[in-house]
1. Counting pairs of alpha carbon atoms under 8 Å apart in space and at least six apart in sequence, what relative contact order in percent does the chain give?
2. In terms of the Cα gyration tensor, with a ≥ b ≥ c the square roots of its eigenvalues, is the chain rounded because a/c is under 1.5, prolate because a/b exceeds b/c, or oblate?
3. About the Cα centre, and with charges only on the beta carbon of Lys, Arg (+1) and Asp, Glu (-1), how big is the dipole of segment 239-279? Nearest 20 debye, please.
4. How would you order 372-385, 264-277 from highest to lowest mean count of nearby Cβ atoms within 10 Å?
5. Can you say what percent of the DSSP beta bridges in the chain, counting only those with both residues inside, are antiparallel? Round to 5.
6. Counting only helical runs of four or more DSSP H residues, what would the 222 nm mean residue ellipticity of the chain come to if each run contributes -39,500 (n - 2.57) and the total is spread over all its residues?
7. Please state the charge dipole magnitude for segment 118-185, taken about the Cα centre, from unit charges on C-beta atoms (+1 on K and R, -1 on D and E), reported in debye and rounded to the nearest 20.
8. Segment 215-266 to segment 283-299: how many Å between their Cα centroids?
Amino acid sequence: MALHFSDMVEEARISARALRDFSEGLFNPTLRLGITGLSRAGKTVFITALIHGLTRGGRFPVFEPLSSGRIARAHLEPQPDDAVPRFDYERHLHTLIEQRAWPNSTVDISELRLVIDYQRTNGAERTLTLDIVDYPGEWLLDLPLLNKSYEQWSNESLTLSRGSARSSLAAPWHGYLAGLDAEGPADEQAALTSARLFTDYLRACRDERFAMSLLPPGRFLMPGNLAGSPALTFAPLDVPEGGSAPDGSLWAMMRRRYQAYKDVVVRPFFRDHFARLDRQVVLVDALAAFNSGPNALFDLEAALAGILDCFHVGRGNFLNALFRPRIDRILFAATKADHLHHSSHDRLEAVLRRAVARAVMRAEVTGATIDVVALAAVRATREAQVTRDRESLPSILGTPMSGEKADGEIFDGNTEVATFPGELPDDPQALFESETAFRGLAHAQTDADFRFLRFRPPRLTPEGGDPIALPHIRLDRALQFLIGDRLQ
Ligand SMILES: Nc1nc2c(ncn2[C@@H]2O[C@H](COP(=O)(O)OP(=O)(O)OP(=O)(O)O)[C@@H](O)[C@H]2O)c(=O)[nH]1
Ligand SMILES: [Mg+2]
């Protein structure tokens with residue numbers, strides 16, 4: 001493929017950045033860890049718990065450098081990128097611990113630097129600088145757009161929206177689209193209405209009852225300071241893939257705006273953030289997908305394949321490869337495992353492993369080492385056996401958030417309840433085949449909808465003189481995979 005001038009300029013920029021990072025890394029070993037996941041996947045809670053555990057000595061038996069006592073200290077330092085907001089660790093921690101509430105939704109990228117002083121296994125004293133970057137998974141799913149023409153993207157989006165799971169949600173937009181003449185004159189009102197109906201459709205897909213994952217362009221649902229700009233005012237048209245847009249047509253206008261979206265939104269993200277990552281955590285709210293049935297699960301699988309594809313974008317750039325290895329480890333983590341009894345944790349992991357494996361086959365992967373874990377960054381529940389009808393059920397105990405409803409009851413935020421969270425099937429395949437393979441907390445009582453019952457973060461009581469540690473599930477295993485080898 002011939003390189004355009006703008007691509008060459010872009011490559012030069014990326015390489016200059018890589019060289020700067022590389023020379024800094026010579027004196028000061030640095031690992032850039034990207035944390036991503038779709039909205040509400042659990043990124044903010046994960047990063048807060050990870051930093052808290054590392055700086056305050058959390059209970060991490062499987063994270064060997066810490067459990068063997070080789071980490072002398074970890075502390076925060078000002079982060080190096082002046083134009084990126086700082087991850088507001090202190091505020092998020094305060095919310096979690098003091099208010100027993102979950103942090104607010106964050107919609108932008110943010111970053112934090114953690115410096116770890118440790119002793120190598122051979123006894124030498126060393127320092128590892130960990131730059132943690134939190135960014136929305138929606139931005140990641142935009143990267144494949146870089147390799148797609150407007151016509152290609154239009155066709156793919158239309159095909160997806162005509163699938164059985166989505167077509168009813170897309171009906172208003174499809175209706176409007178049918179009356180549009182792509183080759184007719186450019187019309188701002190038509191572009192505005194298309195973009196609005198298309199965005200409504202994307203939003204409906206994201207609704208938790210459907211929990212669908214594959215929704216590019218990401219900024220349509222989180223526009224930030226680009227809201228209303230032409231770069232966000234376009235939508236797919238029913239146009240042939242090889243065709244060319246007549247001058248002055250609606251088609252040409254949409255196509256130009258699609259290009260602007262790539263220039264203004266996608267390329268800068270790739271250059272300034274994604275191309276600089278060494279390792280990547282992808283957080284997945286798999287339980288929400290299971291609760292929505294096989295369609296959401298297939299969609300999740302497609303999104304995982306889309307994510308894996310992203311690790312290809314920009315490959316084959318020799319300058320880049322010279323200065324900086326590409327992402328060499330990717331961890332897929334199913335979050336909020338504390339909504340299940342521990343007897344189902346391995347099963348949760350098995351389902352995600354299976355979905356990732358199928359995605360790996362579709363995306364012909366990259367050379368990076370991939371692992372999968374089911375975890376809870378902050379464990380909000382405890383476990384108990386509850387006897388009902390002489391049957392002993394493996395249950396979870398937690399305090400539903402104030403205002404949460406189930407079975408006609410509205411919780412006050414202080415009362416603890418025990419629920420039987422349902423069990424995941426032994427065979428992961430079952431979830432892909434049957435609507436009723438997992439009904440989650442809905443199993444608890446016939447008409448109760450416990451599925452999305454949210455529990456408050458746990459009450460913490462310091463033991464003896466020990467510092468407070470946040471309870472978690474398998475966060476230490478995630479850490480061991482992500483940075484354990486760099487602390488040997
Ligand atoms: N029980 C439990 N709930 C969790 C956990 N992590 C996240 N949650 C829930 O998931 C919600 C979203 O978590 P966040 O960490 O804010 O997710 P995010 O990916 O940063 O979300 P955005 O900032 O909106 O993109 C929280 O408000 C909690 O209700 C966990 O470890 N256990
Ligand atoms: Mg967040």
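1. 18
2. It comes out oblate by the Cα gyration axes.
3. Dipole magnitude for segment 239-279 comes out near 160 debye.
4. 372-385, 264-277
5. Around 55 percent antiparallel, to the nearest 5.
6. -11000 deg cm²/dmol
7. Values: 5 positive and 9 negative charges, 64 e Å.
Here the size comes out at about 300 debye.
8. 29
We did not get these values from a lab; they are worked out from the coordinates using the rules stated. This structure is a prediction, so every number in the text was calculated from the model and none was measured. Positions of Cβ are backbone-derived with ideal geometry, glycine not excepted, and every protein chain shown enters the neighbour counts.
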